[in-house]
């Protein structure tokens with residue numbers, strides 16, 4: 001699993017570097033690079049957490065992981081909207097209002113963990129040989145419910161575009177299946193108490209493959225002539 005995690009993080013870095021070097025001026029490409037950076041953090045942090053028993057370090061890494069997950073959620077929505085519903089970006093206020101709940105949630109998660117206010121979490125506990133946040137109810141449960149709902153706009157955009165734009169159906173279908181698969185595995189991870197390293201790697205691989213497919217085999221992020229030049 002160590003080798004797999006390192007390989008996945010290397011591939012993610014390669015994809016991000018490829019996009020940054022070929023289409024650095026395009027808004028979708030810039031957002032995509034940020035998306036991949038968040039994905040890289042989500043890949044390597046479970047590995048770093050397993051390499052130490054220092055609860056202070058684990059607490060900090062878990063905080064970064066939660067913020068990275070929220071950022072990934074928001075950045076993926078922005079990438080999808082820029083690619084498939086560009087009219088949102090004609091008025092930045094629309095994008096701002098859509099992004100606001102995500103930004104507020106990320107800020108609340110970060111401030112609660114850093115300030116140790118006890119609204120969502122209260123320190124680190126050991127559960128099934130894995131370190132995790134000690135949840136504080138009802139705040140943590142409410143935030144988890146909001147997080148689940150936060151993925152509905154992504155799915156709605158993909159389904160809407162799949163039905164309305166036949167030319168992009170293959171890429172959209174790949175992204176949609178990867179996203180649904182990731183969400184389903186997240187539920188299974190919680191129910192079956194799968195270790196954070198195994199669970200995160202298994203969830204990330206299909207999504208990374210889908211994003212890699214979109215970059216290499218479509219013109220959505222990088223123009224085809226640019227992607228294969230040199």
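Would you be able to say whether some residue in the stretch 164-183 is assigned to a helix (DSSP H, G or I), farther than 28 Å from residue 215 by Cβ and either at pLDDT below 85 or out of contact with any helix residue (DSSP H, G or I) (no Cβ under 9 Å at 6 or more places or on another chain) (or both)? The answer is no, given that none of the residues of the stretch 164-183 is assigned to a helix (DSSP H, G or I), farther than 28 Å from residue 215 by Cβ and either at pLDDT below 85 or out of contact with any helix residue (DSSP H, G or I) (no Cβ under 9 Å at 6 or more places or on another chain) (or both). Among the conditions (1) in contact (Cβ under 8 Å) with a residue 12 or more places away in the chain; (2) over 17 Å from residue 212 (Cβ atoms); (3) under 20 Å from the mean Cα position of the chain (by Cα), residue 2 misses just one, which is (3). Only helices (runs of 4 or more DSSP H) whose full extent lies in the stretch 1-117 are considered here, and the ones with at least 3 residues that are at pLDDT 95 or above are 55-84, 92-115. Only a single item in (1) under 24 Å from the mean Cα position of the chain (by Cα); (2) surrounded by 13 or more Cβ atoms within 10 Å (Cβ to Cβ); (3) free of Cβ contacts under 8 Å to residues at least 24 places away in the same chain is not met by residue 174, and it is number (3). Within the stretch 107-117, the presence of a residue that is without any contact (Cβ under 8 Å) to a residue 60 or more places away in the chain, farther than 30 Å from residue 54 by Cβ and out of contact with any strand residue (DSSP E or B) (no Cβ under 6 Å at 6 or more places or on another chain) is excluded.
The values are calculated or read from the model by the stated rules, or taken from the named source; none is laboratory data. Remember, it's a predicted structure, so these values are computed and weren't measured experimentally. Virtual Cβ from ideal backbone geometry, glycine too; neighbours counted across all protein chains shown.
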